[in-house]
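K.L.:
The structure that follows is given in the form of structure tokens.
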Amino acid sequence: MATPKVLILPGWRGSGHSHWQMCWVRRYAYQLVEQHDWMHPLRGDWLARLEDVMSDLNEPVYLVAHGLSCIQVAAWAPISAHRHKVAAAFLVAPSDVEASHLEDVFSSWRPIELKALPFKSMLIDSPNNPDCSAARATHFAKCWGSQYLRLGESGHLNAESNGGDWPEGHALLNDLMKEKEHGH
Amino acid sequence: MAKIFCVANQKGGVGKTTSAVNLAAGLAKVGQRVLLVDLDPQGNATMGSGVDKRQLELSVYDVLLESASILEAAIFSEKCGYHVLGANRELAGAEVELVDLERRDQRLKAALEVVDKDFDFVLIDCPPSLSMLTLNGLCAAHGVIVPMQCEYFALEGLTDLVNTIKQVHANLNPDLKIIGLLRVMFDPRITLQQQVSEQLKSHFGDKVFNTVIPRNVRLAEAPSYGLPGVVFDPSAKGSQAFVEFAKELVQRIPTL
């Protein structure tokens, strides 16, 4: 079996140096998906960028998405010609772009795609994620067919959550990869 | 009935967008009702028409995905005197999103049929690649205006485009034809350009427009002010040439 490729998909504004996603890029040499514009995210632009990156990869690919990129993965999966390459998606702290306080920023991202993901997935959230209520996160997980895991209060699960390189999260990713490899 | 023309060339950097925005402005200046459709995710025709691509609430992307009509998405550029159906990087997503949809190459054509009586000319600024976006432009158009520099490699790009037009004509749009070749960035002092220009005329005859657009610094400067040269500096030679070209095109319409 080919060596798995892990793609890191940051959310709105990108992930800063101390964000666990960037720690994982440095420590494990995972591939970062760079967007043209992190500050003014356009749905079509982000979908095209992910499709472009995926076109160069061989399976199996693991997607590690944070915030807005969870919504990106849900929007990309039903339309992509490369979705079959994805072994599983690890979705962390989704941004509910339909929430009233995010409406202006993410106008091009609505409505959120709620089709079941065509690959295995795990959605991890925190009860005080400011960008998504617990009820909405549960709803997303149910629609997408994702295994759902709610952690203790960790905010948006980003650099401000002070989780460092988030070893617990990496252990969960490893578990997901092992489960996938063993066919569960 | 609106005349719909793609401004296309599969070679990049030949002055497609400059030609599209200046022809739009020239046609508006001679009293024509014009819609400029930006089909390039770079959005240069949008910005070059005085419309900020970052502020677009609706764009050609929404039209292609049928979530908005042209009348809803097009913006009238007061400074330029024509309507703009703008684009930004969002449009790149249409390449992915259209793949599985029905009539994916006919989306723009269908949308333009609704506004057929609202405009005299629709100009479509196509990206240089042969993509689903370009295909939508070619399927919607009556013909193609090909801006080209009179240089050796320009002829190679032209061969690719002619082959593409033949294929689209045969399979998707029997109306499609080359309307004409527009010589741009022309410098008569350069012998090679004169030679290539003569070659073009001998090969393509009256398909080569009489008007020649000279190399002109004011045309090059205008995009940084978010305007076509025709609006930015109407007295510049390049601007005057585009207005002449607009008149030539209007005169040619009955013969097309």
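The values are calculated or read from the model by the stated rules, or taken from the named source; none is laboratory data. From a predicted model like this one, the values you see are computed outputs, not experimental measurements. Counting neighbours? That spans all protein chains shown, and the Cβs are built from the backbone with ideal geometry, glycine included. Ligands, DNA and RNA are excluded from the accessible area calculation, which covers all protein heavy atoms including side chains. Shrake-Rupley method; radii C 1.70, N 1.55, O 1.52, S 1.80 Å.
K.L.:
State whether segment B:31-89 is rounded, prolate or oblate according to the following rule on the C-alpha gyration tensor (a ≥ b ≥ c being the square roots of its eigenvalues): a/c under 1.5 gives rounded; otherwise a/b larger than b/c gives prolate, and the remaining case gives oblate.
P.N.:
oblate
K.L.:
To test your reading of the geometry: what angle, between 0 and 90 degrees and rounded to tens, separates the Cα axis of helix B:16-29 from the longest principal axis of chain B?
P.N.:
Taking Cα atoms only, the helix is inclined about 90 degrees.
K.L.:
Using a 1.4 Å probe on protein heavy atoms only, how many Å² of accessible area do B and A hide from each other, summed over both chains and rounded to 100?
P.N.:
900 Å²
K.L.:
Next up: Leaving out ligands, DNA and RNA, what percent of the accessible area of the protein assembly as shown is carbon and sulfur, probe 1.4 Å? Could the numbers behind the result be given before it?
P.N.:
Values: 9590 of 19030 Å².
Heavy-atom surface of the protein assembly as shown belonging to carbon and sulfur, 1.4 Å probe: 50 percent.
K.L.:
Check cross-link reach from A:Lys120 to the lysines: straight Cα distance under 29 Å, and skip same-chain residues fewer than eight apart.
P.N.:
Answer for A:Lys120, where 29 Å is the Cα cut-off: A:Lys5, A:Lys85, A:Lys142, A:Lys178, A:Lys180, listed by chain and number.
K.L.:
Now a separate question. Once the convex hull of the alpha carbons of chain B is built, what does its volume come to per residue, in cubic angstrom?
P.N.:
Dividing the Cα hull volume of chain B by its residues yields 111 Å³.
K.L.:
Note down the magnitude of the dipole of segment B:1-156 about its Cα centre, charges +1 on Lys and Arg C-beta and -1 on Asp and Glu C-beta and zero elsewhere, to the nearest 20 debye.
P.N.:
In total the dipole reaches around 460 debye.
K.L.:
What does the charge count around A:Asn129 come to, taking other residues whose C-beta lies under 11 Å from its C-beta (Lys +1, Arg +1, Asp -1, Glu -1)?
P.N.:
Every neighbour counted, the sum reads -2.
K.L.:
Please go through the residue pairs B:Lys16/B:Lys166; B:Lys11/B:Lys247; B:Lys11/B:Lys79; B:Lys117/B:Lys201 and name each one whose alpha carbons sit more than 28 Å apart in this structure.
P.N.:
Over 28 Å Cα-Cα: B:Lys11/B:Lys79; B:Lys117/B:Lys201.
K.L.:
Of A:Leu102, A:Pro118, A:Leu149, whose Cα points farthest to the positive end of the dipole of segment A:45-184 (charges on the beta-carbon: +1 Lys, Arg; -1 Asp, Glu; origin at the Cα centre)?
P.N.:
It is A:Pro118, whose Cα lies furthest towards the positive end.
K.L.:
Taking chain B as a Gaussian network, Cα atoms linked when under 10 Å apart, which of B:Phe204, B:Phe76, B:Phe119 shows the biggest mean-square fluctuation?
P.N.:
Residue with maximal mean-square fluctuation among B:Phe204, B:Phe76, B:Phe119: B:Phe204.
K.L.:
Here's another thing I want to ask about it. Give me the net charge of B:Arg33's neighbourhood, meaning all other residues with Cβ under 15 Å from the Cβ of B:Arg33; Lys, Arg count +1, Asp, Glu -1.
P.N.:
With Lys, Arg at +1 and Asp, Glu at -1, the net is -1.
K.L.:
Still on this structure, I have one more. What dipole magnitude, in Debye to the nearest 20, does the protein assembly as shown give about its Cα centre under +1 on Lys/Arg Cβ and -1 on Asp/Glu Cβ?
P.N.:
It works out to roughly 940 debye.
K.L.:
Roughly how big is segment A:33-184's charge dipole about its Cα centre, with Cβ charges of +1 (Lys, Arg) and -1 (Asp, Glu), in debye to the nearest 20?
P.N.:
It works out to roughly 600 debye.
K.L.:
Further question: Kirkwood Rh over Cα pairs of the protein assembly as shown into Stokes-Einstein at 4 °C, 1.567 mPa s: D in µm²/s?
P.N.:
Answer from the Stokes-Einstein relation: 55 µm²/s.
K.L.:
Along the charge dipole of the protein assembly as shown, which of A:Gly67, B:Ser49, B:Val162 sits closest to the positive end, that is, farthest toward it, with unit charges on the beta carbon of Lys, Arg, Asp and Glu (+1, +1, -1, -1)?
P.N.:
Selected residue: B:Val162.
K.L.:
Name the aspartates and glutamates eligible as straight-distance cross-link partners of B:Lys237: C-alpha to C-alpha under 17 Å, and not fewer than 8 places from it in the same chain.
P.N.:
B:Lys237 reaches B:Asp187, B:Glu221, B:Glu248.
K.L.:
So which GluC sites (Glu not before Pro) in segment B:77-146 end up in coil per DSSP with only 10 or fewer other C-beta atoms within 10 Å? Numbers along the way, then the final one.
P.N.:
Working: sites: B:Glu78, B:Glu90, B:Glu95, B:Glu97, B:Glu102, B:Glu113; in loops: B:Glu78, B:Glu102.
Listed in order of number, the matching sites are B:Glu78, B:Glu102.
K.L.:
Between segment A:75-145 and segment B:87-102, how many Å separate their Cα centres?
P.N.:
What the calculation gives is 20 Å, centre to centre.
K.L.:
At what distance in angstrom do the alpha carbon centres of segment B:213-227 and segment A:1-68 lie from each other?
P.N.:
39 Å
K.L.:
How much of the DSSP beta bridge set in the protein assembly as shown is antiparallel, as a percent to the nearest 5? List each step's numbers first, then the result.
P.N.:
Details: 3 of 49 bridges.
For the protein assembly as shown, the DSSP antiparallel bridge percentage is about 5.
K.L.:
Residues of segment A:8-165: accessible area per residue at 1.4 Å, in Å²?
P.N.:
With the other protein chains kept in place, segment A:8-165 gives 41 Å² per residue.
K.L.:
222 nm [θ] for the protein assembly as shown, helices only, -39500 (n - 2.57) per DSSP H run of 4+, per residue, to 500?
P.N.:
-11000 deg cm²/dmol
K.L.:
Could you work out, residue by residue across B:86-94, how many beta carbons of other chains sit within 10 Å of that residue's beta carbon, and then give the average as an integer? All intermediate terms of the calculation are to be shown ahead of the outcome.
P.N.:
On the way: counts 0, 0, 6, 11, 9, 4, 10, 14, 3.
Rounded to a whole number, the mean comes out at 6.
K.L.:
For A:37-48, what's the mean count of beta carbons from other chains sitting within 10 Å of each residue's beta carbon?
P.N.:
Counting Cβ atoms of other protein chains within 10 Å of each residue's Cβ and averaging gives 6.
K.L.:
Rounded to the nearest 5, what is the percent of antiparallel bridges among the DSSP beta bridges in chain B? If you can, show how the numbers build up before the last one.
P.N.:
Details: 3 of 27 bridges.
The antiparallel fraction comes to roughly 10 percent.
K.L.:
Spelling out what I want: for every residue of segment B:195-201, take phi, set θ = phi - 60°, compute 6.51 cos²θ - 1.76 cosθ + 1.60 (Karplus), and round to whole Hz; glycine and proline get x.
P.N.:
5, 5, 4, 5, 4, 4, 5
K.L.:
Would you please classify the overall shape of segment A:12-127 from the alpha carbon gyration tensor, given that a ≥ b ≥ c denote the square roots of the eigenvalues, rounded means a/c under 1.5, and beyond that prolate means a/b larger than b/c while oblate covers the rest?
P.N.:
Working: a/c = 1.40, a/b = 1.15, b/c = 1.21.
Taking the square roots of the gyration eigenvalues as a ≥ b ≥ c, segment A:12-127 is rounded.
K.L.:
Positive end of the dipole of the protein assembly as shown, charges at C-beta (+1 Lys, Arg; -1 Asp, Glu), about the Cα centre: which of A:Ala77, B:Thr134, B:Val243 has its Cα farthest in that direction?
P.N.:
Positive-most Cα among the choices belongs to B:Val243.
K.L.:
Whole-Å semi-axes of segment A:91-184's equivalent ellipsoid, largest first, each the root of 5 times a Cα gyration tensor eigenvalue?
P.N.:
23, 18, 10
K.L.:
Please tell me the relative contact order of chain B in percent, rounded to the nearest whole number, where contacts are Cα pairs under 8 Å and at least six residues apart.
P.N.:
Taking the mean separation of contacting Cα pairs over the length of chain B, I get 26 percent.
K.L.:
Mind running the shape call on segment B:85-128? Use the C-alpha gyration tensor, a ≥ b ≥ c as the square roots of the eigenvalues: rounded below 1.5 for a/c, prolate if a/b tops b/c, oblate otherwise.
P.N.:
Because a/c hits 1.5 or more and a/b fails to exceed b/c, segment B:85-128 counts as oblate.
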